[in-house]
Each structure stands twice: as C-alpha cells, then as structure tokens.
1. If we keep just the residues of segment 208-231 that are of a type in the set (S, T, Y) and either in contact with a Phe, Trp or Tyr (Cβ under 9 Å, 6 or more places away or on another chain) or buried (at least 22 other Cβ atoms within 10 Å of the Cβ) (or both), which is modelled with the highest pLDDT?
2. Count, please, the residues in segment 43-62 that happen to be on the phi > 0 side of the Ramachandran plot and part of a loop (DSSP other than H, G, I, E, B).
3. Before we move on, is I83 over 30 Å from H62 (Cβ atoms), crowded, with 16+ Cβ neighbours inside 10 Å and out of contact with any strand residue (DSSP E or B) (no Cβ under 9 Å at 6 or more places or on another chain)?
4. For L53, all conditions in the list (1) crowded, with 19+ Cβ neighbours inside 10 Å; (2) within 20 Å of G152 (Cβ to Cβ); (3) not acidic (D, E) hold save one; what is the number of the exception?
5. Only residues that are surrounded by 16 or more Cβ atoms within 10 Å (Cβ to Cβ) and either closer than 21 Å to M253 by Cβ or among the β-branched types (V, I, T) (or both): list them for segment 116-131, please.
6. Take segment 236-257 and flag every residue that is under 19 Å from Q207 (Cα atoms) and free of Cβ contacts under 8 Å to residues at least 40 places away in the same chain.
7. Can you give me the number of residues within segment 109-125 that are part of a loop (DSSP other than H, G, I, E, B) and under 24 Å from L34 (Cα atoms)?
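The values are calculated or read from the model by the stated rules, or taken from the named source; none is laboratory data. Note that the structure is a prediction, hence the values are computed from the model and not measured. Note that we place each Cβ from the backbone using ideal geometry, even for glycine, and neighbour counts take in every protein chain shown.
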Amino acid sequence: MPPWKTHHAAVAHRFLPPEDAATWIGLLRPAAGLTTDDASGPCAGYLGGEPVLPIGTEWPGHGPLTFVASVECAALPTTELDIALPASGTLQFFYFDGQFDDDEALVEARESDSQAGARVIYVPAGAEATQRTTPTGIKPYPKVPLSARTVGTFPDITHPVARAAFPEAFSATCGLSHHAVGAYEFREALFATTPQHRVGGHAVAVQDSVEHEVAQGVLGGDTFTSFSDPALLAEAAEWVLLAQIDSDWSAEMCWGDMGTLYWFIKPADLAAHRFDRTWFGWQCT
C-alpha cells in the first residue's frame, strides 16, 4: 500500500466492516497537498501576491478578478497523481471574490452565466512573461509560499463513485445515516483541521458533492433537483478536481463562512491543456 493511503486506510479499518473498508479504500486517490507551514522542500507556488502572466495576456475579468494562487507544476509530485497535469509551467488561479462590488455578484457552480468570474491561466515554461500589478479596485492577498507532498484523498459520500460503490447506503430500506460509511464518527475521524489546499484527488466538500453542483450548472441549473438523477450522476462523474484553495488565515483568505474554492476540468481538456474549459464552484458552512 502506498504511504499516502495508510492514514485513511487505518481509519476505514477502525470504523467500517472489513468488506466496506476494502471497498472504500479502493476509492482513495492521490493529490498534491499544498501547505504553507513547511519550508523544507522546494517552493511549489504561492497563495496571493501578484501573478506572472505572458506578455500580451490581459488581467482576466472585467470586474476584475482577484489573483488567488499560483502553482508550479514541476514542483508537484505529478508522477504519483492520476491526472495528466503539465510536467512544467505555472497554473494561475483567479476568482471574483467580491472586493470590487462589495459581494453583490456571486460565482456559482450551478449558474453557468457566472463562470466568467473564475479563470485558470496556464503559463508554459519558458514563456515570455512579466509580473503584473493588481488593478485598481481590488487589493492582493498576502504572498505566502506553498510546498507540496502527495496525500491521500477520499470522495464525499454523495459523490457518484461513492454512490455506485455503496448503493445500499442510499436505499429506502437503509439510508445514509444508518450505513457505516455515513456514520458521523467515521466521517469526523477523516477530516483534517488544517487548510486543505490541493491539486488533483477528490474535492473536500463542505456541503454535498461539489461535482453535482457542477453538473447542475452544465446541464441547466435547477432543472435537476435530485442527486440520484441518472443524467446528473453521469455528468458529475465526467469532472475531476484540478485544484481547491481553502480558507487560510495565513494569506488572509476567507471564502464566505470558512469555505473552499474549487476548479474542475474534464480529463481530455486537462490532457490538452485547455484550462479555459475549467468549471468553478465554491462552498461554505
């Protein structure tokens, strides 16, 4: 068993019946966990600060968008991940965080018309680029360096892969709260208390599966109201997490009520470096 699986596997064996534990461990995925409290390794990017963009590329958004984070692909453990990240270059993440309009407009996964409020810009290695000054009307977040290491991640219990693995947990005769994988003690033992920034892996949902909200936005917003709708489940399963940036006091970032920002992408678009096709979502408590 790879080291990134051991912690979550131990929790599963502690709380779940053996067969359920084996099934659940099979759903674990590796991610590049990004932390602000380890200066021993190479710098993998930054929260906040100001972006370095290719010459000729305008600052994104007509709001404008706020720069959230940059990630150096070469500093990530890409060979251990299960998504096709670029081997080099920089990913720059932007989001309309409410500074410009005093939180009047929101960027929501369920609302396709709001997706212009978040962007990912890929800067290839060797591209001619310059550091940009933050536009008038917004202020940059403090620049905080990030380090990266491989971590294990688990799906939210409402994620399509978890639903498929544990169909009995969603049956009328059992119900999620009465199944071992839905038990409060099990889920409580899994969650970390430190900020959860990452590239790849499963998203840490603050509410229910973020992928369902993405699917709702792609397929038509409130048209799909049931998480068990086959079309919604199929669309949600098409998306993988590119990155999530958590609330983090070290960079003075607080998304709503201690929420998390998510950028999703389809695997084919990721392999083609089509970062203009990401889909954004966010959740808070």
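1. Of all residues in segment 208-231, those of a type in the set (S, T, Y) come to 209, 223, 225-226, 228.
Next, only the ones that are either in contact with a Phe, Trp or Tyr (Cβ under 9 Å, 6 or more places away or on another chain) or buried (at least 22 other Cβ atoms within 10 Å of the Cβ) (or both) stay: 209, 228.
Working: S209: 90, S228: 78.
Checked segment 208-231; the qualifying residue modelled with the highest pLDDT is S209.
2. Step one: list which residues in segment 43-62 are on the phi > 0 side of the Ramachandran plot, which gives 45, 48-49, 56, 61.
Next, from what is left, pick out any that are part of a loop (DSSP other than H, G, I, E, B): 48-49, 56, 61.
Looking only at that region, the number is 4.
3. Working: over 30 Å from H62 (Cβ atoms): yes; crowded, with 16+ Cβ neighbours inside 10 Å: yes; out of contact with any strand residue (DSSP E or B) (no Cβ under 9 Å at 6 or more places or on another chain): no.
In short, no.
4. Checking L53 against (1) crowded, with 19+ Cβ neighbours inside 10 Å; (2) within 20 Å of G152 (Cβ to Cβ); (3) not acidic (D, E), the one that fails is (2).
5. The initial filter retains those residues of segment 116-131 that are surrounded by 16 or more Cβ atoms within 10 Å (Cβ to Cβ), namely 117-123, 129.
Within segment 116-131, G117, A118, R119, V120, I121, V123 qualify.
6. Once the filter is applied, which keeps residues that are under 19 Å from Q207 (Cα atoms) and free of Cβ contacts under 8 Å to residues at least 40 places away in the same chain, segment 236-257 yields C254, G256, D257.
7. Of the residues in segment 109-125, the ones part of a loop (DSSP other than H, G, I, E, B) are 109-111, 124-125.
Of the ones still in play, those that are also under 24 Å from L34 (Cα atoms) are 109, 124-125.
Residues that pass the stated criteria total 3.
The rows are residues; the columns are (1) assigned to a loop (DSSP other than H, G, I, E, B); (2) within 15 Å of the chain's Cα centre (by Cα); (3) more than 26 Å from T130 (Cβ to Cβ); (4) among the hydroxyl-bearing types (S, T, Y).
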{"position": "T23", "(1), (2), (3), (4)": "no, no, yes, yes"}
{"position": "D37", "(1), (2), (3), (4)": "yes, no, yes, no"}
{"position": "G41", "(1), (2), (3), (4)": "yes, no, yes, no"}
{"position": "P64", "(1), (2), (3), (4)": "yes, no, no, no"}
{"position": "A84", "(1), (2), (3), (4)": "yes, no, yes, no"}
{"position": "S88", "(1), (2), (3), (4)": "yes, no, no, yes"}
{"position": "F94", "(1), (2), (3), (4)": "no, yes, no, no"}
